[in-house]
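Visitor: Dropping the structure in here first, questions after.
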Amino acid sequence: MSLDIERKHKPPQPSRYDIAGLKADLDGIPLIDEPQVVRKRSRDFFWYSPILNQELADKSADIIACPRDEDEVVRVAAACVKRRIPLTVRAAGTGNYGQAVPLEGGVLLDITALSGIAWQKPGVVRVAAGSRLLDIDMATREAGFELRMHPSTKRSATIGGFVAGGSGGVGSVTYGGLREPGNILAARIVTMEEEPRILELRDDAAQKVNRAYGTTGIITALEMPLAPAWPWIDVIVAFDDYMEAFQAGYAVALADGVVKKLVTPISWPIPATFGALKQHCPQGKSILICMIAEASLGPFKAIIGQRGAVTYEAPSEEGPGTVPLYEYTWNHTTLQWLKGDRSITYLQCMFPHDRLLESAAEMIARFPDEVLAHHEFIRFGGRMTASALPILRYSTPERLNEIIALHEEAGVMIANPHVVSLEAGSRHKRADADQLGFKHEVDPLGLLNPGKMASYVAAGAV
């Protein structure tokens, strides 16, 4: 059951699009037009943000199309272009920024039926875009490999949704984000034209669909690099002081000889919200959550030394009835708090690598009770740094914007999770030039997820 509190809504209004004609065009393709189901599936986890929760509460598609293969995706795209109906791609809907919310109604394209592994070889896998990340790892581990990185929503998220809406996650401490060369090998897409084309984007060209919210083509398949599937050990270390946890985590992150997948310092009182994990989170202590290869546990503990106390150590588990340790990190940290208290929200930060310790300490000192520290160590452009998803005690939009501005003035970049467009949420505050230009090629009418690439002007528009 969703944690979101449903509001009372007006009865559905007649669509401004020719949905009846669209249904005729798509005869034989599974469609869903029951209003309550369509509205529910038109939502993602945007309610993490109190601002987006108001802005997007009443947004919904008119109909859901559920293609079972690429040919049916092409048919849906062609029919939408023919009738000038917007199309928004949706997979598991685990995003937090309204990426999968149709701002202008139209068709919600559910790609979860496009699943399965086409082929696998050492270090590479080709998969359908609707494949669940957990299912991919379960299959590739039989040959000793796994995905290089995944979000904390791995057990429900899809590979297509991760590439279209994500940037990094568990594994990024070693491999960086999806934007790093080599972390997406190829993407197969369907264009949004009267006669849709199927394009294969390889190497750097594949970045044209990364974190574009589905505005630059409909992803149907991906080739992704794999990493060795180590026996991972989940570890929690408790510290008296948050900066001690941060410094210890930084030392682990910098240790190239220690094989690791996750290094996450989290300040007290955030661990008090961690449910069954609370027994391993001593009262008043900040913690360091890590995933370490079994063979590297000795060096890892040597780095930690006497600075902290190991309170939990066990093999990683992802099976039914278990809660993986990584589901207390990245944006699942925010979710753990939101389960019992809807008054908070969060930020997304990137700290400068050349003054990492100083800037982290500076932000903690500036917002001691209002912004509660939670960092994720990550490689960025070949350098070790830290992103952050701190818990923010929300008061007003004005104060939220003030806190963002104060971070940016101090050299801490913010990817604003309280806005819907790519540009407003980007650390660079603009659409990637290649993505913007590519959209003109593959979606000239601007029908793919309109409103999410705010700087795009459709062909012929005034």
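The values are calculated or read from the model by the stated rules, or taken from the named source; none is laboratory data. Predicted model, so just to flag it, every value in this text is computed and none were measured. Quick reminder, even Gly has a Cβ in these numbers, built from the backbone with ideal geometry, and neighbours come from all protein chains shown. Accessible surface areas use protein heavy atoms only, side chains included; no ligands, DNA or RNA. Shrake-Rupley method; radii C 1.70, N 1.55, O 1.52, S 1.80 Å.
Visitor: Go through (1) under 24 Å from T322 (Cβ atoms); (2) open to solvent by less than 10 Å² (accessible area, probe 1.4 Å) and name the single condition L277 misses.
Guide: (2)
Visitor: Only one of Y394, Y326 is open to solvent by 40 Å² or more (accessible area, probe 1.4 Å), at pLDDT 95 or above and not aliphatic (A, V, I, L, M). Can you tell me which?
Guide: Y394
Visitor: Right, next: With L400, L389 as the choices, which residue is in contact (Cβ under 8 Å) with a residue 12 or more places away in the chain, open to solvent by less than 50 Å² (accessible area, probe 1.4 Å) and under 21 Å from the mean Cα position of the chain (by Cα)? Write out each step before concluding.
Guide: Working: L400 fails: under 21 Å from the mean Cα position of the chain (by Cα).
Going through L400, L389 in turn, just one is in contact (Cβ under 8 Å) with a residue 12 or more places away in the chain, open to solvent by less than 50 Å² (accessible area, probe 1.4 Å) and under 21 Å from the mean Cα position of the chain (by Cα): L389.
Visitor: Filter region 383-407 down to residues that are of a type in the set (G, A, S) and closer than 19 Å to L357 by Cβ, then give me how many there are. Spell out how you get there, then give the answer.
Guide: Start the filter on region 383-407 by keeping residues that are of a type in the set (G, A, S), which leaves 386-388, 395, 405.
Narrowing further to those that are closer than 19 Å to L357 by Cβ: 386-388.
Count: 3.
Visitor: Given the condition of a type in the set (A, V, I, L, M, F, W, C), in contact with a Gly (Cβ under 8 Å, 6 or more places away or on another chain), touching a residue at least 40 places away in the same chain (Cβ under 8 Å) and surrounded by 18 or more Cβ atoms within 10 Å (Cβ to Cβ), answer yes or no: does some residue in region 293-302 qualify?
Guide: Our first condition is that a residue be of a type in the set (A, V, I, L, M, F, W, C); within region 293-302, this holds for 293, 295, 297, 300, 302.
Cutting the leftovers down to in contact with a Gly (Cβ under 8 Å, 6 or more places away or on another chain) gives us none.
So far as region 293-302 goes, no, none of its residues is of a type in the set (A, V, I, L, M, F, W, C), in contact with a Gly (Cβ under 8 Å, 6 or more places away or on another chain), touching a residue at least 40 places away in the same chain (Cβ under 8 Å) and surrounded by 18 or more Cβ atoms within 10 Å (Cβ to Cβ).
Visitor: So which residues in region 403-414 are assigned to a strand (DSSP E or B) and open to solvent by less than 20 Å² (accessible area, probe 1.4 Å)? Working first, answer last.
Guide: We begin by selecting, within region 403-414, every residue assigned to a strand (DSSP E or B); these are 413-414.
If the condition is that a residue be assigned to a strand (DSSP E or B) and open to solvent by less than 20 Å² (accessible area, probe 1.4 Å), then I414 is the only one that fits.
Visitor: Filter region 360-386 down to the residues that are without any contact (Cβ under 8 Å) to a residue 24 or more places away in the chain and either crowded, with 18+ Cβ neighbours inside 10 Å or under 22 Å from D341 (Cβ atoms) (or both) and list them by number.
Guide: The one that is without any contact (Cβ under 8 Å) to a residue 24 or more places away in the chain and either crowded, with 18+ Cβ neighbours inside 10 Å or under 22 Å from D341 (Cβ atoms) (or both): P368.
Visitor: Now a separate question. Among the residues of region 118-127, write down those that are surrounded by fewer than 18 Cβ atoms within 10 Å (Cβ to Cβ) and either under 20 Å from the mean Cα position of the chain (by Cα) or in a loop (DSSP other than H, G, I, E, B) (or both).
Guide: P122, G123
Visitor: Is it the case that region 138-147 has a residue that's in contact with a strand residue (DSSP E or B) (Cβ under 7 Å, 6 or more places away or on another chain), assigned to a helix (DSSP H, G or I), open to solvent by less than 10 Å² (accessible area, probe 1.4 Å) and touching a residue at least 24 places away in the same chain (Cβ under 8 Å)? Before you say what the answer is, go through the steps one by one.
Guide: Pass one, region 138-147, residues in contact with a strand residue (DSSP E or B) (Cβ under 7 Å, 6 or more places away or on another chain): 139-140, 143-147.
Cutting the leftovers down to assigned to a helix (DSSP H, G or I) gives us 139-140, 143.
Those left that are additionally open to solvent by less than 10 Å² (accessible area, probe 1.4 Å): 140.
This time we only want the ones that are touching a residue at least 24 places away in the same chain (Cβ under 8 Å), so: 140.
Yes; the residues of region 138-147 include at least one that is in contact with a strand residue (DSSP E or B) (Cβ under 7 Å, 6 or more places away or on another chain), assigned to a helix (DSSP H, G or I), open to solvent by less than 10 Å² (accessible area, probe 1.4 Å) and touching a residue at least 24 places away in the same chain (Cβ under 8 Å).
Visitor: Would you tally the residues in region 1-31 being open to solvent by less than 100 Å² (accessible area, probe 1.4 Å) and modelled with pLDDT of 95 or more?
Guide: 14
Visitor: Continuing with this model, one more query. Do you know which residues across region 43-70 are of a type outside the set (A, V, I, L, M, F, W, C) and within 17 Å of T112 (Cβ to Cβ)?
Guide: R43, D44, P67, R68, D69, E70
Visitor: While we're on this one: Do we find a residue being part of a helix (DSSP H, G or I), basic (K, R) and either over 30 Å from E370 (Cβ atoms) or in contact with a Phe, Trp or Tyr (Cβ under 9 Å, 6 or more places away or on another chain) (or both) anywhere in region 275-282?
Guide: At the first step, the residues of region 275-282 found to be part of a helix (DSSP H, G or I) are 275-280.
The next check asks that each one be basic (K, R); those that pass are 278.
Right, trim to either over 30 Å from E370 (Cβ atoms) or in contact with a Phe, Trp or Tyr (Cβ under 9 Å, 6 or more places away or on another chain) (or both) and you get none.
For region 275-282, residues part of a helix (DSSP H, G or I), basic (K, R) and either over 30 Å from E370 (Cβ atoms) or in contact with a Phe, Trp or Tyr (Cβ under 9 Å, 6 or more places away or on another chain) (or both): absent.
Visitor: Considering each residue of region 198-221, count those that are among the polar types (S, T, N, Q) and in a loop (DSSP other than H, G, I, E, B), and give that number.
Guide: Initially, region 198-221 is screened for residues among the polar types (S, T, N, Q), giving 207, 210, 215-216, 220.
Keeping just the survivors that are in a loop (DSSP other than H, G, I, E, B) gives 210, 215-216.
So the answer is 3.
Visitor: Kindly provide the set of residues from region 65-117 that are of a type in the set (G, A, S) and either open to solvent by 30 Å² or more (accessible area, probe 1.4 Å) or not in a loop (DSSP other than H, G, I, E, B) (or both), ordered by number. Explain how you work it out, then say what you get.
Guide: Our first condition is that a residue be of a type in the set (G, A, S); within region 65-117, this holds for 65, 77-79, 91-93, 95, 98, 100, 105-106, 113, 115-116.
The answer is A65, A77, A78, A79, A92, A113, S115, G116.
Visitor: Considering region 172-197 alone, what residues qualify as being free of Cβ contacts under 8 Å to residues at least 40 places away in the same chain, surrounded by 20 or more Cβ atoms within 10 Å (Cβ to Cβ) and assigned to a loop (DSSP other than H, G, I, E, B)?
Guide: Within region 172-197, L178 is the sole residue that qualifies.
Visitor: Could you please find all residues in region 263-274 being touching a residue at least 12 places away in the same chain (Cβ under 8 Å) and either open to solvent by 20 Å² or more (accessible area, probe 1.4 Å) or not β-branched (V, I, T) (or both)? Step through it out loud before you land on a result.
Guide: Within region 263-274, the subset touching a residue at least 12 places away in the same chain (Cβ under 8 Å) is 263-271, 273-274.
Answer for region 263-274, where residues must be touching a residue at least 12 places away in the same chain (Cβ under 8 Å) and either open to solvent by 20 Å² or more (accessible area, probe 1.4 Å) or not β-branched (V, I, T) (or both): P265, S267, W268, P269, P271, T273, F274.
Visitor: Is one or more of the residues making up region 87-101 touching a Lys or Arg at 6+ places or on another chain (Cβ under 6 Å) and of a type outside the set (F, W, Y)?
Guide: In the first step, residues of region 87-101 are kept if they are touching a Lys or Arg at 6+ places or on another chain (Cβ under 6 Å); the result is 100-101.
Add one more test, that the residue is of a type outside the set (F, W, Y), and what stays is 100-101.
Yes, the conditions are met somewhere in region 87-101.
Visitor: If you don't mind, there's one more thing I want to ask. Please go through region 198-208 and give me each residue that is touching a residue at least 60 places away in the same chain (Cβ under 8 Å) and not polar (S, T, N, Q), ordered by number.
Guide: Looking only at region 198-208, we keep the residues that are touching a residue at least 60 places away in the same chain (Cβ under 8 Å), and these are 198-199, 207-208.
Of everything in region 198-208, those that are touching a residue at least 60 places away in the same chain (Cβ under 8 Å) and not polar (S, T, N, Q) turn out to be I198, L199, K208.
Visitor: So for region 49-64 (the condition being open to solvent by 10 Å² or more (accessible area, probe 1.4 Å), in a helix (DSSP H, G or I), within 30 Å of P397 (Cα to Cα) and of a type in the set (V, I, T)), does at least one residue qualify?
Guide: yes
Visitor: When region 397-418 is examined, which residues are found to be among the aliphatic types (A, V, I, L, M) and either farther than 30 Å from T88 by Cβ or modelled with pLDDT of 95 or more (or both)?
Guide: From region 397-418, those among the aliphatic types (A, V, I, L, M) are 400, 403-406, 410, 412-415; that's our starting set.
Those that are among the aliphatic types (A, V, I, L, M) and either farther than 30 Å from T88 by Cβ or modelled with pLDDT of 95 or more (or both): L400, I403, I404, A405, L406, A410, V412, M413, I414.
Visitor: Being open to solvent by less than 30 Å² (accessible area, probe 1.4 Å) and out of contact with any Lys or Arg (no Cβ under 8 Å at 6 or more places or on another chain), is that true of even one residue in region 219-232? Working first, answer last.
Guide: Looking only at region 219-232, we keep the residues that are open to solvent by less than 30 Å² (accessible area, probe 1.4 Å), and these are 219-227, 232.
Subsequent filtering for residues that are out of contact with any Lys or Arg (no Cβ under 8 Å at 6 or more places or on another chain) retains none.
No, every residue in region 219-232 fails to be open to solvent by less than 30 Å² (accessible area, probe 1.4 Å) and out of contact with any Lys or Arg (no Cβ under 8 Å at 6 or more places or on another chain).
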